[in-house]
Structures are given as structure tokens and as C-alpha cells.
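Chemist: Sending over a structure as C-alpha cells; questions will come in a sec.
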Amino acid sequence: MAINSQCKQSTIQELDERCVSDESTSLLHTPLSELDIAISKHDTSETYIHAAKREAKWIASSSSLTTLTLLLEFSFNTVNVLSVGHLGAKELGAMSLGVAFQVMLAMAPTMGYLAAMDTFCSSAYTASRDKTLVGFHFQRGIIAVCIHCIIIAPVLWNAEKIFLLLKQDPEIAHFAGLYLRIHILSMLPFALFEATKRYLQAQGIMRAATIVTLIVAPIHWINSYVFVRSSRFGIGFVGAPIINVFSNCLLLIGILLYARNSRATETWGGWKLSSFRNMWVYYRLAIPSVITQCTAWIFFELLAIGASYFGANQLAGHAIMINSIGLIYQMSNGLGYSTSPRIGNLIGAAKPRQARITSDVSILTSTLIGIMGTLFLLFYEICVSNESTALLRTSSSELDIAISTHNASESYIHAAKKEIRWMASSSSLTTLTLFLEVSFYTVNVLSVGHLGAKELGAMTLAATFQMIIATAPTFGLLAAMDTFCSTAYTASRDKTLVGFHFQRGIIAACTLYVIAAPVLWNAEKIFLLLKQDPEIAHFAGLYLRIHILSMLPFALFEATKRYLQAQGIMRAATIVTLIVAPIHWINSYVFVRSSRFGIGFVGAPIINVFSNCLLLIGILLYARNSRATETWGGWKLSSFRNMWVYYRLAIPAVITQCTTWIFFELLAIGASYFGANQLAGHAIVLNAGLCIYQISNGIGYSTSPRVGNLIGAAKPRQARIAADMAALISTLIGIMGSLVILFCGSQWIPVYTNDPYVTREIAKLVPVVCILIVNDGLDAVLSSILRGLGRQKASANIFLFGFYICAIPIAIFLGYIKHLETVGLWWGACIGVLVSSTLHIIYIYLWIDWKDEVRLCLLRLKANSASDTVDISV
């Protein structure tokens, strides 16, 4: 469709219009038998990443306009509230009651009826050669809202009587009824403005409503002051509905003038009586939209009514938070207003793939806006609150005095900056350590992969089996040290209590070794029982038999690492792994791949044993020559006493570790049923996601002992600040990592593969993975915070619910029943992680009393100590 010369004068407008006009396909005239041919002809064939970038640019330009329009419209009522609020409490209450009544009976249904235009007008614009079909559906929207206005006007006219029947204050009922009687005159202009706005947006003309509201809004603000508050010209309460009528009429006149002088005239074919025919088709979409609008709007009105029963302060707090959240919501709402016609345009243009990409980008953008808005509200509220008051109730107990003495009294911002500096230095070390440890396995895979497919399959099978039976439980058992060692280091004058809990971690790890070793020794028989290929079973069993020798050194290295980290010695493990890692890489090539010195497949487990022994020797030498010797009091038989207290924290941590690790293994098994390409795509995006996850995981490993140290030092406020900063940094890292994965696919995907079919599968998974990365990294940090607090049981329950009650059933339903295949499995994982992180946030920020955590910490240490006394250290 040609763009008229007048529209070409604006560069941006020309771009927007061409973007939509290029989608025109006359699909409506295509026989159903040729529909697939039309789709294959018109749908985009460009890569997912390139199409996503283009859609992101389009959404950014259009949604900024729709969001600004919504915020300006939102300001009309806000300014009225500010003006009427100065007249008195009853006037403000009457206006609030009138607005709530009008929203439920008039505005919400109007917006619902017009929502059907988003479907009909947008798809008609690109699917039909007869562009006047858009104007035809515009007329149907007008008919629907006019009928609604006729029905609802008598109800609003008699609103005062209704309020009196509901036992409202007679004076408030009178003012509210008066407000609504006048406001009836604004209903139709408002509805027609909204209908015209959607009519233009369906044609890609997004700026019309924005320009008109930018002109009318300042006039409304001035009128609100002059005719409501002004002592000279003000007419009081009735001025508010009168200026609303005036402003809505101006909006309607403005947008009609804009439409009259735009290319929208091409889609207007005049008034037609045929638009009344088959109106039930329109209502079939409109009525569900009305239900959707009314459900959401009425719910929040009921929420306000519920809050009113808890006193004026809580009602005021509710109102302020609703208003603050409303501002953030309008950004996503504006995104929705621009996305809806865009998807309709693309579906009408026979471009389902591009429409799907648009929806993916919109969902991702909305999620990121919500996360950033939530973090802003959370940390702004904390920063501006008065933090100088005592955190504990006035009490004569020694513990209360200790907490009030030791707890930070500096401003939140200053304390947060200090925690960020500490975290940046410590988490960079722990993250580097994790990457180096992961490289041990990665290098082995690269080396064994050159020996053959069966050898690589056997090693992968063995590594998975060992992870489930030994590695994950080891990490879980040692996680209890994050609680006991870190709190003992700052809570007790007897620093050897840290070494005492270190011994308990060693006892737990050795006990696991005794139990797991026979299972690993007989792994070949287990694999044969599971109907594995005999040759692969033999190689995997051989690998595990040799690898048994590395289990204990690895467990002792991890225990010593946590023992040192609990004392703030973060660099020990990093230095040791920096030395051992290159040795391991060289050995992996020499003893596995080298034609001269290589010993083949058995070289991989042998060099693992050697490297783990080097790690243990290195970290013990570092500990022997560090200040950690002050916390070692020698071996004690008393460390075996009350081990059940240690296991009470350790076993839930084992469940947490195994839950997440096994879940992603099950995800890989599930992806294998959809073919090699999808399995390869799954493996690649999982690996890419893990690279970003390890950064958040490193933050978690440094946060856990930090929180424990501060709780043990009777500094609950500073511990809370440390937790806040860790969650914030993890979220920001997740967002940045997601953006890199989403928009830099052309750079990182070729590193893994050049196969076009695998690349296509990766492109489908990228949007889901981006959402998962943000929440999964946050989840890792939040669970680490709970480890520092000794709340491993809560974290285990949350992970079990999120992954096995939510994620797995949803993944099965979407992947196998709805035939979304690997994408469906990942959506299930994404929802499970989202549920898990949400429950973690609710538990940490709404359930936990940080001041009481100090008391619980001391009770826990006393129950799990060699002696009966644990003193607060100064």
C-alpha cells in the first residue's frame, strides 16, 4: 500500500508506516488450500536473532509512545485527586467512590469492548485488499460502546440512591452521585477517543494519541487547579467532573482531526448499516475482554476495600503502593497496547513466525521492566526509610544489648556501598574458582571426545551417575558448614569452634564416602541392569572405580575451602586452582590424547585423582600458613557428639543440591526424545546459561559466609543489607547476561555450532533461557542467603515444590501434550525456577525476622558445640 506524500514528511512516522504497510498480503482473498503456500511465501526467513532485534527496535519506538499516552491519561485522575484533596476529606472520599463505581460499570467494560478491535482491525489491515474493512470494524467498536453507554447511563444517574442503599454516608453519597451525573457526559467522548486510538494503532499510527494527549494534558492540569482549587475562579467539587468532560471532548476532537489528516482516511469507507449485521461475532471476542478487564480492575478495588478495615495508616500505605506500582505497570501496559496490533498485523500478513518472535520479545521486555521496577521500589523504599532507630525491642537481656551495640547505625546507602565493594572483591575470587573447577571436566570431555563416541558416552554416563550419587550429596553435606562455621567465627570468643564444625563437615563427607564407594564400585552391574550398552557400561564402570580414589580428596578440598571462606579467606581456593588447573589441562592432553604418552580412556579418571589430590595438598598448605591456624584446636572426639544437629541442616541442603542437579539431567533426557538437533540445541543453551549462572553462583558462595559472619557478630541489619546487595547484583548480572545471549547470538552461537538446524533450535530456546537465567541466578543467591541463616530446610522445600510439583508437570504438559517439544520443557523449567525464586523472596523478605536470626544462631551453636557456652564476641 502506498504511503501518501504528507506522511513522508516525517522520517520516523514514515518508518513506522512502512514497517506496517510492508506486511500487507491480501490474505483474506487466499483460498484455505493455498494458505500454507502463502505463509511460506510471506513469513520471515531471517534468523531468529536478527528478527528479534528488528522487533525490539519496533517495540521500543512504538511502546514508548503508547506508554507515554497511558501515563498522560493516568495523570488526568491523579491531578484531580490532588485538587479535590485540598477541598476536604469528604469531597476526596466522594470522588474516590465515584471513580471506583464508574471504573467498574463504565470504563472497564468500555476498554473490554474495544479490545476486540485490536484483533479485527489489525488483522483486517494486513489480510485484506479492501482496506475499508478496518473502518468497518471500527464502526462495530463504536456501536458496542454506544450500546453500553445507553445501558449504563441510567445506573450512573441513580448512583446516589445506590450508595444510600449500601449504607454510605449521606453527604459522601450525595457528592459521589453529583460527580457521576455530570461525568455521564464524558462517557461517550472517552469511549470514542479510545476507539479511534485503537483504530489508528491498528494501522501503525502510534503517535496520534500521544500528540493529542500531550496537548490536552497540560490544559487539563491548569483547568484542574483553576476550576477546583483556585480561590478566584474555582467552583469547587463540581469543577472536577466538568473539566473531565471538557478534556475528554478535547481528546476526541483532537484525535479525529489527526485521523482526518492522516493516511487513515484510506481505511474509512463511510458509515454502513451492514456493520450492525452479525454483531454477535464481534461480541464473541468483546465479552471475554470485558470479563478480563473487569476482573482485574474490580479485584484491586476490592483490595482497597479490604485494606480499609485495617485502619487509615494501612489504607494510606496501600494507596501509595498501588499508585507507585501503577506507574511501573503502565510501562508494561503500554508495551501490550503496541504489541497487540503488531501481532494482529503480522498474523493477518501470514507471518506467524514473526508474530511469535514479537510476542517473545514483548514478554522478555515486560519481564525485565517488571524486575527492574520491583528492584527499584524495593531498594528505594529501604534507602529512604529511617534506619537510625534501634532494631531490637528495649530489653535488659545481654543479647539485645549486644545487638544494639554491634549492629550498624550508618546510613543504608553507605553500608550498601561497603557491602558491594566487599562482594565485588570476594565474589570475583569465588566465581573464578568455580570456572576453573568446571574447566577440569570440560577439558576431560574435549580429550575423551577424540577417542570415540562410546568413550565419550561412557564418561558422560559415569559423570552423571557420580554427580547424583556422590558430588551433589557432598556439596549438600558441606553446605551446613556455611551456617555453622561462619556464625561460629564471629559469635564465639573461642575461635576453635570454627575448626570444631570443620571436623563435623569432614565426618559427614567421610561417612558419605563409605556409603557411596561400594555403589560406585559396582556401577557397571547397575548400568547393565538398566539395559545400557555393555561396552559403554564397562567403560563407565572402569571410570568410576578409578574415580573413587578422587572422591575423598575432592570432599576434603571443598570442606577446607568452606572452612577458610567462613573466616573471610576467599583467595585460598582461587590461588590453588589457578596453579592446579593448567597442570590438569596439560595432563589431560598428554595422558589421554597424546600418541606418545597417552594411556587412553583410563587416563581421564587417573588425572582427576591426581588433580584433586593436588588441590587438597595445596589448600592445606595455604591453611597451614594462614591465620586460619587460630581457629584449629586439634582433633576432638566430641565432634561426633550431637551430629544429628549438623545433619538437621545438612540433609535439607543435600535435597536442595540433588533436586536442582537431577532436574536438569531429567531435562536433558526429556530433550533426547525430540531428536539430535533439539538435544544439541538444549545442550548448547544449557552450557551458555551455566556460564552466566556460575557468576551468580560465585556471588552466592561469598554471600553465604558473609551473612553468617554478620549474624554471628550480632549485626542483623548489615546482614540484611548484604543480602539485598547480593540479590540486586545477581539480578543485574542475569539481565545483562540475558541481553548478551539474546542480541549477540550471531557471535556466540557459531562458537558451538555452524549447523543451521541446530542453530534454529537454539534460536527457539533463547527467549525462554533469558528469562530463566535471571531467575535462576537470583535463586542461587537467595538459597545461599538461607544457607547463611541456617534455613536449609526452607530452601529444600521451596526447591522441591518449584521443580517437582510445578516445573516437571508443566514441562511434560507443554513438551509432550501441547507438542512444544524442547521449548515446552524449558518453559516448564522457567516456570519452576520463577516459582522457586518468588517463594524465596517471599520467605526472606516477608517471613524472616532478621533480629531473631541472631538468637536462633546462638541457640543452634550451643546445641551443636563441644562446650555449653557460646559468648557474643565484641
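The values are calculated or read from the model by the stated rules, or taken from the named source; none is laboratory data. Computed from a prediction, not measured in an experiment: that's the story for all the values here. For neighbour counting, all protein chains shown are included, and Cβ atoms are generated from backbone atoms with ideal geometry for every residue, glycine included.
Chemist: Considering A723, A727, A683, A668, which residue is crowded, with 23+ Cβ neighbours inside 10 Å, closer than 21 Å to A829 by Cα, under 24 Å from the mean Cα position of the chain (by Cα) and assigned by TED's automatic domain parsing to the domain that holds C806?
Modeler: Every option except A727 fails the conditions.
Chemist: Got a sec? Which helices (runs of 4 or more DSSP H) wholly within region 763-865 have at least 3 residues that are of a type outside the set (V, I, T) and under 16 Å from G734 (Cα atoms)?
Modeler: Because the criterion is at least 3 residues that are of a type outside the set (V, I, T) and under 16 Å from G734 (Cα atoms), the helices (runs of 4 or more DSSP H) in region 763-865 that meet it are 821-842.
Chemist: Based on this model, can you work out whether D169 counts as under 29 Å from A355 (Cα atoms) and among the acidic types (D, E)?
Modeler: no
Chemist: Would you please name the residue that is nearest to G135 (Cα to Cα), looking only at residues in region 275-287 that are without any contact (Cβ under 8 Å) to a residue 24 or more places away in the chain and in a helix (DSSP H, G or I)?
Modeler: V281
Chemist: Kindly indicate which of T660, T656 is surrounded by fewer than 23 Cβ atoms within 10 Å (Cβ to Cβ), part of a helix (DSSP H, G or I), in contact (Cβ under 8 Å) with a residue 24 or more places away in the chain and among the hydroxyl-bearing types (S, T, Y).
Modeler: Matching residue, one of T660, T656: T660.
Chemist: Related question: Quick one: would you say K57 is touching an Asp or Glu at 6+ places or on another chain (Cβ under 9 Å), at pLDDT 75 or above and surrounded by fewer than 17 Cβ atoms within 10 Å (Cβ to Cβ)?
Modeler: No.
Chemist: Only one residue in L772, L765, L782 is touching a residue at least 12 places away in the same chain (Cβ under 8 Å) and either more than 30 Å from A51 (Cα to Cα) or polar (S, T, N, Q) (or both), so which one is that?
Modeler: Only one candidate passes the filter, namely L782.
Chemist: Just checking, which of S439, S428, S388 is over 30 Å from H538 (Cβ atoms) and either at pLDDT 60 or above or part of a helix (DSSP H, G or I) (or both)?
Modeler: Checking each option against the conditions leaves just S428.
Chemist: OK, next. Quick check on my filter: what residues within region 585-606 are part of a helix (DSSP H, G or I), loosely packed, with under 15 Cβ neighbours inside 10 Å and β-branched (V, I, T)?
Modeler: I586
Chemist: Something else about it: Which condition number does N4 fail, the rest of (1) more than 29 Å from F743 (Cα to Cα); (2) modelled with pLDDT of 75 or more; (3) surrounded by fewer than 20 Cβ atoms within 10 Å (Cβ to Cβ) being met?
Modeler: (2) is the only condition that N4 fails.
Chemist: If you don't mind, there's one more thing I want to ask. I need a count of the residues in region 200-255 that are farther than 30 Å from R342 by Cβ and of a type in the set (S, T, N, Q).
Modeler: Residues in region 200-255 being farther than 30 Å from R342 by Cβ and of a type in the set (S, T, N, Q): 5 in total.
Chemist: Going by the conditions given, is T196 touching a Leu at 6+ places or on another chain (Cβ under 6 Å) and assigned by TED's automatic domain parsing to the domain that holds G85?
Modeler: No; evaluated as a whole, the condition is false for this residue.
Chemist: Could you identify the single residue in S224, S230, S186, S247 that is over 13 Å from F76 (Cβ atoms), among the small types (G, A, S) and assigned by TED's automatic domain parsing to the domain that holds G85?
Modeler: S230
A quick yes/no check of all residues on (1) at pLDDT below 90; (2) at negative phi; (3) surrounded by fewer than 17 Cβ atoms within 10 Å (Cβ to Cβ):
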position	(1), (2), (3)
T119	yes, yes, no
K131	yes, yes, no
Q139	no, yes, no
C146	no, yes, yes
A159	yes, yes, no
P170	yes, yes, yes
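Chemist: Within the bounds of region 626-645, is there any residue that is in a helix (DSSP H, G or I), in the same structural domain as R562 (by TED's automatic domain parsing), within 26 Å of the chain's Cα centre (by Cα) and touching a residue at least 40 places away in the same chain (Cβ under 8 Å)?
Modeler: Looking for residues that are in a helix (DSSP H, G or I), in the same structural domain as R562 (by TED's automatic domain parsing), within 26 Å of the chain's Cα centre (by Cα) and touching a residue at least 40 places away in the same chain (Cβ under 8 Å), one finds none in region 626-645, hence no.
Chemist: Still on this model: Got at least one residue in region 767-784 being at pLDDT below 85 and either among the polar types (S, T, N, Q) or in contact with a strand residue (DSSP E or B) (Cβ under 9 Å, 6 or more places away or on another chain) (or both)?
Modeler: no
Chemist: Next question, about the same structure. State yes or no: is S63 of a type in the set (G, A, S), within 33 Å of the chain's Cα centre (by Cα) and either in a helix (DSSP H, G or I) or under 25 Å from R198 (Cβ atoms) (or both)?
Modeler: yes
Chemist: Listed residues S746, S738, S704, S730; which is touching a residue at least 60 places away in the same chain (Cβ under 8 Å), assigned to a helix (DSSP H, G or I) and under 19 Å from I841 (Cα atoms)?
Modeler: The conditions single out S704.
Chemist: Here's something else I'd like to know. Please tell me if S738 is in contact with a Gly (Cβ under 6 Å, 6 or more places away or on another chain), of a type outside the set (A, V, I, L, M) and surrounded by 23 or more Cβ atoms within 10 Å (Cβ to Cβ).
Modeler: No: the conditions fail for S738.
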